1. Quick one: what pairs do we get from the range B:77-93, first residue open to solvent by 40 Å² or more (accessible area, probe 1.4 Å), second in a helix (DSSP H, G or I), C-beta under 7 Å, 6+ apart or different chains?
2. Can you find a residue in the range B:25-36 that is closer than 24 Å to residue B:215 by Cα, within 20 Å of the chain's Cα centre (by Cα) and without any contact (Cβ under 8 Å) to a residue 24 or more places away in the chain?
3. In the range A:30-66, which residues are buried (at least 16 other Cβ atoms within 10 Å of the Cβ) and not aliphatic (A, V, I, L, M)?
4. Which strands (runs of 3 or more DSSP E) sit wholly inside the range B:236-343 and have at least 1 residues that are open to solvent by 30 Å² or more (accessible area, probe 1.4 Å) and not β-branched (Val, Ile, Thr)?
5. Would you call residue A:55 assigned to a helix (DSSP H, G or I), under 28 Å from residue B:118 (Cβ atoms), within 14 Å of chain B (Cβ to nearest Cβ) and in contact (Cβ under 8 Å) with a residue 12 or more places away in the chain?
6. In the set B:128, B:68, B:73, B:98, which member is more than 11 Å from chain A (Cβ to nearest Cβ), of a type in the set (D, E, K, R) and out of contact with any strand residue (DSSP E or B) (no Cβ under 7 Å at 6 or more places or on another chain)?
7. Is there a residue being facing another protein chain (nearest Cβ under 7 Å) and acidic (Asp, Glu) anywhere in the range A:63-71?
8. Please specify each residue of the range B:183-208 satisfying the condition of being surrounded by 17 or more Cβ atoms within 10 Å (Cβ to Cβ) and among the basic types (Lys, Arg).
Amino acid sequence: MSQNPRTKLGRKKGTRDHYLLRLFVVGLGPNSKLALSNLQSLCCEHLEGRYTIEVIDVVKNYQAAARDNILITPALVLVTPLPRVVVLGNLSDRQRVLFALRLSGGDP
Amino acid sequence: MHVRGRPIAKVPTQVSGLDEVLEGGLPRGRTTLVSGGPGSGKTVLGLQFLCAGALAGEPGVFVTLEERAEVVRQNALSMGWNLAALEKAGRVAIVEARLFGEEVTAGDFDIQGLLAIVGGQIKRIRARRVVMDALDVLLRVFNDPQRERNELYRLHEWLMNRGLTNLVTAKAQRGGETVSQYEFLDFMADCVLRLDHRVIGQVATRRLRVIKYRGSGFGTNEYPYVIGTHGIVLFPLTRAGLAHQPLGEKVSSGLTGLDIMLDGGYRRASCILVTGTSGTGKTTLTSTFVQAACRRGERVLSLSFEESREAIVHAMLSAGIDLRPALRARRLMIQTGLPEAMGSDDHLIRALEAIDSFKPDHVTLDAISACVRMGSEQAAFDYLMRLVCILKERGISCILTNQISGMVGTDEELSGIGFSSVVDAVIQLRFVEKDQEITREILVIKSRGSAHSNRRQTFVITDHGIEFPDDPLPPPSRKRPAGRQGGE
């Protein structure tokens, strides 16, 4: 509670700047392709220049899926800024995704 | 009773009694569904199957969709299965696959992430078995019957393609006969087991039923089971009775007079019933045998539902029978219990555990009449029938006492409980009024595979045991050897 307001501000600023997004997919299935293209277009529009997308194929790297407890695919994990968020599905519902990633204020 | 089919490859579950019901085990390379309510033992059954496999050279993956892996390990350890050691040895892998309900859903998805994780573990330990515990929890995320179906189908195909033997558990709705929303799961699985946990007459009982088994016959009854200290134990009554040991040699009853009446004594591996009204001396007669057997160096397990161990020892002292040396020498084990304390299945498992560890030559049970208090007459029947059949299979003789209510009576009252077919010998004790005096009489009503006296004989209980004032007469068949001689 007795945090230095300066540090708090600085952290907030830093995290707002860059988004680390991890997308878990299965091979190149249609749903996975759709999820990736949905994510790319969303980032272009809302996070221009301040995002990184990591794509992980769970078939090739099951350990990574186990680490992040990814049972359902496609799945998007917002790694930073915290708090961590998990969005399941092919991300077609853009309003819900934006809301989950704290990029829109309204109720999805 | 049984539906016969073409034999298919099976994997023994090593669950006591279940393999008999399944005529060998679960279908190899196929999926078995175990459904049941909370506390019915689904997870225990899954763990038991997995651990038995791991120890028999078939590694397995346990996918826990509800409990934490650590909780699963603890539960297994309480049953004596050390999962952590098996994991270290590369024979078991646990996949903790729990959804937390915080995930946001946006668009279509499927369970390939889970399959990738499970698939990775299968490859790593070269698994032959997969257990998925609480599949219903995973399916909840879809929130749509059609999509649940699609995913189940995907899972089923995936499992089938790997040629693994799978056991999947799902919760049944409380009170429901079927898992209605998972009917498709029932349809998809090759073998469906339903576990039922219900309360009858204030006593919890568990029942297992095989709903279907593609390509195989199976026992179609409901089978009682208990969750013992080492997993699930089933009691298929229908199979009992097929493997009885033949009646053995004769052993002294501890009384010369009664031995004469029985043409030598009790037969080993037989079931002897002592009936009589209260106070006729049933427990004294049984204790006489216990004392004699222990003195011969044999081992006796006494199951008592009437009195405490101290009370039994004390009461017998007044009749001149000292059981203390036998107890000290650990040849006698007295297991006491209130019939009401637990269900008949739990009483049975308790007795079986004592039989397994103590390895008695003889078992006495005092008294049948108290067993009804385990819940119902049916419960008492189940308990006694299974106990006697198991004892006979192992060649252990048993002496049961039964208290009858009327002053006059034969073993007719017993037929109510309906298991006279497994009783080999019946000895009746009764009071008679003669010359304004109450005396006790003993009569051998039946003695399978042996000659026996057909006379009532007066006996007295003195402070140094049972005595016969008149020497008992030998059985009439002594004169007519062709009579009742020979086994049955």
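1. Once the first residue is open to solvent by 40 Å² or more (accessible area, probe 1.4 Å) and sits in the range B:77-93, its partners that are in a helix (DSSP H, G or I) give B:84/B:73; B:91/B:54; B:91/B:125.
2. So far as the range B:25-36 goes, yes, one or more of its residues are closer than 24 Å to residue B:215 by Cα, within 20 Å of the chain's Cα centre (by Cα) and without any contact (Cβ under 8 Å) to a residue 24 or more places away in the chain.
3. Of everything in the range A:30-66, those that are buried (at least 16 other Cβ atoms within 10 Å of the Cβ) and not aliphatic (A, V, I, L, M) turn out to be A:31, A:32, A:38, A:43, A:46, A:51, A:57, A:62.
4. B:332-336
5. Details: assigned to a helix (DSSP H, G or I): no; under 28 Å from residue B:118 (Cβ atoms): yes; within 14 Å of chain B (Cβ to nearest Cβ): yes; in contact (Cβ under 8 Å) with a residue 12 or more places away in the chain: yes.
So residue A:55 fails the test.
6. B:73
7. no
8. Result: B:194, B:206, B:207.
The values are calculated or read from the model by the stated rules, or taken from the named source; none is laboratory data. This structure is a prediction, so every number in the text was calculated from the model and none was measured. We place every Cβ from the backbone using ideal geometry, glycine too, and count neighbours over all the protein chains shown. Keep in mind that these areas ignore ligands, DNA and RNA; they rest on the heavy atoms of the full protein, side chains included. Shrake-Rupley method; radii C 1.70, N 1.55, O 1.52, S 1.80 Å.
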